[in-house]
Amino acid sequence: MDLFLFGTLLHMPLLEVVSGDSQVRERVTFATRVDFKVSRVEGQVFPIMHEAKGSVAEGVIVSGLSDEALSRLDYYEKAFGYERMEFVVLDADQQPREATAYLPEPGLWSPAESWDRDGWITAMGELTTLTAREAMSGIDHTPAEAMGRRYRQMMARAASHLRAKNTAHNAAVGRGDMVQGDVTLLKSQNRYAGFFNVEEVDLAFRRFDGAMSAPVNRAVFVGVDATIVLPYDPVRDRVLLVEQFRTGAYLRGDANPWTIEPVAGIIDPGETPEEAAIREAKEEAGITLRDLTCVSAAYPSPGTTTEHFYLYVGLCDLPDGAEGRGGEDAEDEDIQSYVMDWVDFDEALNAGKFRLLPLLVVGHWLARNRDRLRAAA
């Protein structure tokens, strides 16, 4: 039976990835469903089709899909609570035609404003298509429901990839003339997929003498871009730090796996690093940042992880009593914040009492620029 599409899958690159059919756009024709409307789902970026007297839901009919393509589409949509259901649409000649479409179970989602398809494609099309490549790679071993739970992390990884691809890097030191084309990827295997990924690759890279290296085998922790911000009150001359349990320190065998840190968190898809810093400061410490200064954007350990950090000092007010408890319950966070006078922070910084490298970087930057920030306050 024909398939009626009305939402994100109208973006043909995404439909090709999900269906696995590179020729699928050749079997697409215009269609409508009368007395229905396509709206954005409340709290989400994808749409829903719902009854609306006098409205018309525009979409396309896709004909001739293979069983494999339909199975792939079913898998993708099921991850978000959508199943195929039968009804009648009008084709391009305004003739009734039986079709199926992906619809959620009643009451699962609530409609918001009208769906802006072109706006979604501009803002999210490339990101969603790249995310779908990872999502569909697990079809043979990851249940659709599990894929749906991991989708946010997949999208964050895709956003990190696009951010790296679209960021101009003007290297101040080093050769600077080596590019992606100077690396040959021979084989790639996903060794673990979950909140993070572990990828094992065989590759060759161009050596400094111009020759290609012999094939090498590497394993990389595939994380996401993160924002890290040290809140600073230049009037009261105070900083805010947070403390929380860290699994990495625990598994290393650290006697105290609770670490003192700046405010930090992953950059959500569609969010800038600055927006993430402001959001995380509110979530973790309940404070409002009024200005951000970028300290650096750098890799913590590019030999073993794709993680990339955006480091900031954030100006704010830190009156007495600003410390407290924070964190997101949905993410099982339990965070305690502390306010430190500069003299105490600076003493601990120089005595090597902090155990987190990003905090050392931002702290020492603030030490060099503190007088300027205080003079401008």
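The values are calculated or read from the model by the stated rules, or taken from the named source; none is laboratory data. Given the structure is predicted, the values throughout are model-derived calculations rather than measurements. So basically every Cβ, Gly included, is an ideal-geometry build from the backbone, and we count neighbours across all protein chains shown.
Which one is surrounded by the most Cβ atoms within 10 Å (Cβ to Cβ) among residues in segment 93-123 that are free of Cβ contacts under 8 Å to residues at least 40 places away in the same chain and acidic (Asp, Glu)?
GLU105
Taking segment 12-44 only, how many residues are closer than 16 Å to GLU77 by Cβ and in contact with a helix residue (DSSP H, G or I) (Cβ under 9 Å, 6 or more places away or on another chain)? Give the derivation first.
Of all residues in segment 12-44, those closer than 16 Å to GLU77 by Cβ come to 14-21, 24, 38, 41, 44.
Filter once more, keeping what is in contact with a helix residue (DSSP H, G or I) (Cβ under 9 Å, 6 or more places away or on another chain): 14-21, 24, 38.
Residues in segment 12-44 being closer than 16 Å to GLU77 by Cβ and in contact with a helix residue (DSSP H, G or I) (Cβ under 9 Å, 6 or more places away or on another chain): 10 in total.
Considering only residues that are in contact (Cβ under 8 Å) with a residue 40 or more places away in the chain and in a strand (DSSP E or B), look in segment 67-87 and name the one that is nearest to MET147 (Cα to Cα).
If we take residues in segment 67-87 being in contact (Cβ under 8 Å) with a residue 40 or more places away in the chain and in a strand (DSSP E or B), then ARG84 is nearest to MET147 (Cα to Cα).
In segment 60-73, how many residues are crowded, with 18+ Cβ neighbours inside 10 Å and at pLDDT 95 or above? Lay out the reasoning, then the answer.
First, pick out the residues of segment 60-73 that are crowded, with 18+ Cβ neighbours inside 10 Å: 60-62, 65, 69, 72-73.
With at pLDDT 95 or above added as a condition, the list becomes 60-62, 69, 72-73.
Of the residues in that region, 6 qualify.
Could you give me the residue pairs with C-beta distances under 9 Å whose first residue belongs to segment 348-359 and is exposed (fewer than 11 other Cβ atoms within 10 Å of the Cβ), whose second residue is in a helix (DSSP H, G or I) wherever it lies, and which are 6+ apart or on separate chains?
From residues that are exposed (fewer than 11 other Cβ atoms within 10 Å of the Cβ), the pairs are GLY352/LEU360; LYS353/GLU347.
Would you confirm, using the coordinates I've provided, whether THR288 is surrounded by fewer than 19 Cβ atoms within 10 Å (Cβ to Cβ), farther than 23 Å from ASP329 by Cα and not small (Gly, Ala, Ser)?
On the way: surrounded by fewer than 19 Cβ atoms within 10 Å (Cβ to Cβ): yes; farther than 23 Å from ASP329 by Cα: no; not small (Gly, Ala, Ser): yes.
When the stated conditions are applied, THR288 does not pass them.
Among the numbered conditions (1) more than 23 Å from SER110 (Cα to Cα); (2) out of contact with any Asp or Glu (no Cβ under 9 Å at 6 or more places or on another chain), tell me where SER66 comes up short.
With respect to (1) more than 23 Å from SER110 (Cα to Cα); (2) out of contact with any Asp or Glu (no Cβ under 9 Å at 6 or more places or on another chain), SER66 is out only on (2).
Going through segment 300-315 one residue at a time, which ones are touching an Asp or Glu at 6+ places or on another chain (Cβ under 8 Å) and within 26 Å of ASP371 (Cβ to Cβ)?
Our first condition is that a residue be touching an Asp or Glu at 6+ places or on another chain (Cβ under 8 Å); within segment 300-315, this holds for 300-301, 307-310, 312, 314-315.
Result: PHE309, TYR310, TYR312, GLY314, LEU315.
Free of Cβ contacts under 8 Å to residues at least 60 places away in the same chain and surrounded by 12 or more Cβ atoms within 10 Å (Cβ to Cβ): does that describe THR142? Write out each step before concluding.
Working: free of Cβ contacts under 8 Å to residues at least 60 places away in the same chain: yes; surrounded by 12 or more Cβ atoms within 10 Å (Cβ to Cβ): yes.
Judged against the criteria, THR142 is a match.
Among the strands (runs of 3 or more DSSP E) lying completely within segment 266-344, list those that include at least 2 residues that are polar (S, T, N, Q). Steps first, please.
Working: elements: 291-298, 308-315, 335-341.
Result: 291-298, 335-341.
Looking at this structure, is LEU90 in contact (Cβ under 8 Å) with a residue 60 or more places away in the chain, among the aliphatic types (A, V, I, L, M) and touching a strand residue (DSSP E or B) at 6+ places or on another chain (Cβ under 9 Å)? Give the derivation first.
On the way: in contact (Cβ under 8 Å) with a residue 60 or more places away in the chain: no; among the aliphatic types (A, V, I, L, M): yes; touching a strand residue (DSSP E or B) at 6+ places or on another chain (Cβ under 9 Å): yes.
No; evaluated as a whole, the condition is false for this residue.
Of all residues being among the acidic types (Asp, Glu) and surrounded by 15 or more Cβ atoms within 10 Å (Cβ to Cβ) in segment 1-57, which is modelled with the lowest pLDDT? Just the residue, please.
ASP2
Tell me, yes or no, whether segment 245-262 has at least one residue that is assigned to a loop (DSSP other than H, G, I, E, B), among the basic types (Lys, Arg) and either at pLDDT below 95 or crowded, with 16+ Cβ neighbours inside 10 Å (or both).
Going residue by residue through segment 245-262, those that are assigned to a loop (DSSP other than H, G, I, E, B) are 246, 253-257, 262.
Imposing the further condition that a residue be among the basic types (Lys, Arg) reduces the set to 246.
Going one step further and asking which of them are either at pLDDT below 95 or crowded, with 16+ Cβ neighbours inside 10 Å (or both), we end up with 246.
Yes, that holds for at least one residue.
Here are some residues: ALA112, ALA158, ALA204. Which one is outside the structural domain of GLU271 (by TED's automatic domain parsing), closer than 20 Å to VAL41 by Cα and either modelled with pLDDT of 90 or more or assigned to a helix (DSSP H, G or I) (or both)?
Values: ALA158 fails: closer than 20 Å to VAL41 by Cα; ALA204 fails: closer than 20 Å to VAL41 by Cα.
After ruling out the rest, the residue left standing is ALA112.
Provide a single number: the residues in segment 150-180 that are surrounded by 14 or more Cβ atoms within 10 Å (Cβ to Cβ) and without any contact (Cβ under 8 Å) to a residue 24 or more places away in the chain.
Residues in segment 150-180 being surrounded by 14 or more Cβ atoms within 10 Å (Cβ to Cβ) and without any contact (Cβ under 8 Å) to a residue 24 or more places away in the chain: 1 in total.
Name the residue that is surrounded by the most Cβ atoms within 10 Å (Cβ to Cβ), counting only residues in segment 272-285 that are in contact (Cβ under 8 Å) with a residue 40 or more places away in the chain and more than 19 Å from LEU366 (Cβ to Cβ).
Only one residue fits best here, namely ALA276.
When residues of segment 181-214 are filtered for being in contact with a helix residue (DSSP H, G or I) (Cβ under 9 Å, 6 or more places away or on another chain) and without any contact (Cβ under 8 Å) to a residue 40 or more places away in the chain, how many remain? Outline the logic, then answer.
Of all residues in segment 181-214, those in contact with a helix residue (DSSP H, G or I) (Cβ under 9 Å, 6 or more places away or on another chain) come to 190, 193-197, 205-206, 212.
Next, from what is left, pick out any that are without any contact (Cβ under 8 Å) to a residue 40 or more places away in the chain: 205-206, 212.
Looking only at that region, the number is 3.
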